Amino acid sequence: MGLVLLHGRGGSADDILRLGAALGLPDLALAAPQAPGHSWWPTSFLAPSAQMERHVAQGLAAVDAAIAALTAEGLDCGRIALAGFSQGGCLALEYAARRGGLAAVFGLSAGLVGTGDAGPTPDPALYGHAPKRFDYATDLTGLPVTITVHEQDPHIPLKRAEDSRAAFAALGANAALHVEPGPGHGLTDAGLTAMRATLNH
């Protein structure tokens, strides 16, 4: 089994690889791309698509390269999972929704970026940003998807996490959303438990 890990804003590949090691799964092959300047994009993932799409495309290419590195070692794509935290979690979810072909995906404190703007009207539930479209054409039947978020996350609106779970479910994925009570933005026991259980198969 392989796992591509995506770090958050200000983090590094080395940081997120430590999360992979902490899972305690010795047969798990790990890979982690490094974002330029330690950030996958310079703004909130809730920003308009015109600001986001170039950075998302670069991030998707970095994930492609990391998966290719694992497949070059003999791993089948269907045995490679994707996980990320914060910005990295958003990128992981977006990759899965656009590309498919994974064993599982884990968006830790994350939500989908979206395929385009759904209108100009700001939504207070999205911290004053306008909603996005989730027009994905992938067949994700049976894909295990885990999304985690704190109830009051300063970066990831609960509504976006809920909409992301619904978007994955509409594509056929086995999508679960774990909401941690109270404020916060970080890894949760529920997310780590889901990763261990899914990757230990």
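The table for this structure:
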quantity: Kyte-Doolittle at least -1.0, axis length at least 20 Å by Cα - qualifying DSSP helices, the chain; calculated: 49-72
quantity: Cβ crowding within 10 Å averaged over residues, with 109-115, 133-139, 86-92, 99-105 ranked highest first; calculated: 86-92, 109-115, 99-105, 133-139
quantity: C-alpha center-to-center spacing [segment 159-201, segment 91-152] in angstrom; calculated: 11 Å
quantity: Surface accessible to a 1.4 Å probe, per residue, for the residues of segment 51-201, Å²; calculated: 42 Å²
quantity: FRET efficiency for GLU73 and LEU17, using Cβ-Cβ distance with R0 set to 25 Å, rounded to 0.05; calculated: 0.95
quantity: Kirkwood Rh (inverse of mean 1/r, distinct Cα pairs), segment 113-197, angstrom; calculated: 13.8 Å
quantity: Carbon and sulfur %, accessible surface of the chain computed with the full protein complex present, 1.4 Å; calculated: 54 percent
quantity: Highest-MSF residue in the chain out of THR71, THR141, THR121 [GNM, Cα springs under 10 Å]; calculated: THR121
quantity: Given charges at Cβ of Lys, Arg, Asp, Glu: the chain dipole, positive-most of PRO181, ALA197, GLY8; calculated: GLY8
quantity: Beta bridges by DSSP in segment 44-199, antiparallel share as percent, to the nearest 5; calculated: 15 percent
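The values are calculated or read from the model by the stated rules, or taken from the named source; none is laboratory data. As the structure is a computational prediction, the values presented were derived from the model and not from experiment. Cβ coordinates were reconstructed from backbone atoms using ideal geometry, including for glycine residues, and neighbour counts include every protein chain displayed. Keep in mind that these areas ignore ligands, DNA and RNA; they rest on the heavy atoms of the full protein, side chains included. Shrake-Rupley method; radii C 1.70, N 1.55, O 1.52, S 1.80 Å.
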